[in-house]
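The next block holds one structure in the form of structure tokens; read it before the comments.
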Amino acid sequence: MSTIQFISIKYSNEINILDLELIVGFIINKSREFIITHPEFVLNKAQIVKIHALVAKRKKGAPLAYLIGKKEFFGLDFKVDKNVLIPRPETEMMVEESLKLLKTKNYQLKTKIIDVGTGSGNIIISVVKNLVNQSSVIGHYKFFATDISQKALIFAKANAKNHKVFNKIKFLQGNLMEPLLKSKSYKLKANKLIIVANLPYVSSKNYKKYYSGIKFEPQSALVSKNYGLFHYEKLFQQIKTLSLTAHCSLITVLIEFSPEQKNKIKLLAKIYFPTSKIEFKKDLAKKWRMGKITF
Ligand SMILES: C[S@@+](CC[C@H](N)C(=O)[O-])C[C@H]1O[C@@H](n2cnc3c(N)ncnc32)[C@H](O)[C@@H]1O
């Protein structure tokens, strides 16, 4: 008889035990806690075949998140598939920093928060979810999310619905901030803006050199031309145009980047926003990861 215990022993040398528990839990639709506390639970043949297939894929390097269709980020589950980047723990800094900014006096009124390149929607949904219970503040803000990929937006919208914040976020398809710049109906004029962007920033050279482990994820979500900075330079150009035409009173741009890009990001920010204050933060691995540009 194939019990959870039997399966655990059978595959324990083949893949990480945590991954195995999550795979078994996914197949039998039970939590990891259940898997750990019910070693006697009997699996049927079809379930065993499915577990075997997923273990084989995991052994070949397929990310666990794609096998079980979800990834935890900022304490919430986000649905993902091969068309969407898997949310990374280092990106949680962007949520923390956005929430911190929204608590400051500067951003208490008439603020719009724009997540550019939203992917699974992990950043903006986490921000909204953390504010939604504070009925006194949520009404002051408007939330937007853009992505060039229609497939990614389908996931972002589904995740927003799952977390019951779909009616709070306007999802738009297009190149960076273009959908907001092209339409007057979003009323950016004279507003305060927080722009959060985790755009593709891996250079083609690094993608070939270091990133074979992420070959399962969409290249269009990861790689950017010009040493990985093409997307950020385009975004800066759009923000510059916006700041001149919409007369925004305060703009903060939060971006995630690769540690070696810090000086180039600083240079770009100085070129496009000469009067700005530029700050950088390290991630938990003590590597430069986030830039904050305020002007
Ligand atoms: C590095 S992923 C980040 C996804 C998500 N924000 C996160 O933190 O996990 C970059 C995202 O930017 C999107 N993207 C790439 N080029 C874009 C463009 N020109 N305009 C808007 N979004 C773009 C990709 O489709 C992808 O979803």
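Criterion applied to Ser183, Ser203 was being of a type in the set (Ser, Thr, Tyr), more than 11 Å from the ligand (Cβ to nearest atom) and surrounded by fewer than 17 Cβ atoms within 10 Å (Cβ to Cβ), and the one residue passing it is Ser183.
Are any of the residues in segment 128-138 aliphatic (A, V, I, L, M) and within 12 Å of the ligand (Cβ to nearest atom)? Can you show your working first?
The first filter runs over segment 128-138 and keeps only residues aliphatic (A, V, I, L, M), leaving 128, 131-132, 137-138.
Adding the requirement that they be within 12 Å of the ligand (Cβ to nearest atom) leaves none.
No, the conditions are met nowhere in segment 128-138.
Applying a threshold of 6 Å to beta carbon distances and a minimum spacing of six or more residues, or different chains, the list of pairs starting in segment 26-37 at a residue that is in contact (Cβ under 8 Å) with a residue 40 or more places away in the chain and ending at one that is part of a helix (DSSP H, G or I) reads Phe26/Ile68. Here segment 253-295 is the region considered, the condition is being out of contact with any Asp or Glu (no Cβ under 9 Å at 6 or more places or on another chain) and part of a strand (DSSP E or B), and the residue that is nearest to Gln238 (Cα to Cα) is Val253.
Filter segment 93-118 down to residues that are among the hydrophobic types (A, V, I, L, M, F, W, C) and outside any helix (DSSP H, G or I), then give me how many there are. If you could, list the steps in order and put the result at the bottom.
Step one: of segment 93-118, the residues among the hydrophobic types (A, V, I, L, M, F, W, C) are 93-95, 99, 101-102, 109, 113-114, 116.
When the remaining residues are screened for being outside any helix (DSSP H, G or I), the result is 109, 113-114, 116.
Adding up the residues that qualify gives 4.
For segment 235-252, the set of residues classified as assigned to a helix (DSSP H, G or I) and either within 23 Å of the chain's Cα centre (by Cα) or among the hydrophobic types (A, V, I, L, M, F, W, C) (or both) consists of Leu235, Phe236, Gln237, Gln238, Ile239, Leu242, Leu244, Ala246, listed by residue number. Selection of segment 176-202 for residues being without any contact (Cβ under 8 Å) to a residue 12 or more places away in the chain and not in a loop (DSSP other than H, G, I, E, B) yields Lys182, Lys184, Ser185.
Values quoted throughout were computed directly from the atomic coordinates according to the rules given, and no laboratory measurement underlies them. Model, not experiment: these values are computed from the prediction. Neighbour counts run over all protein chains shown; Cβ positions are idealised from the backbone, glycine included.
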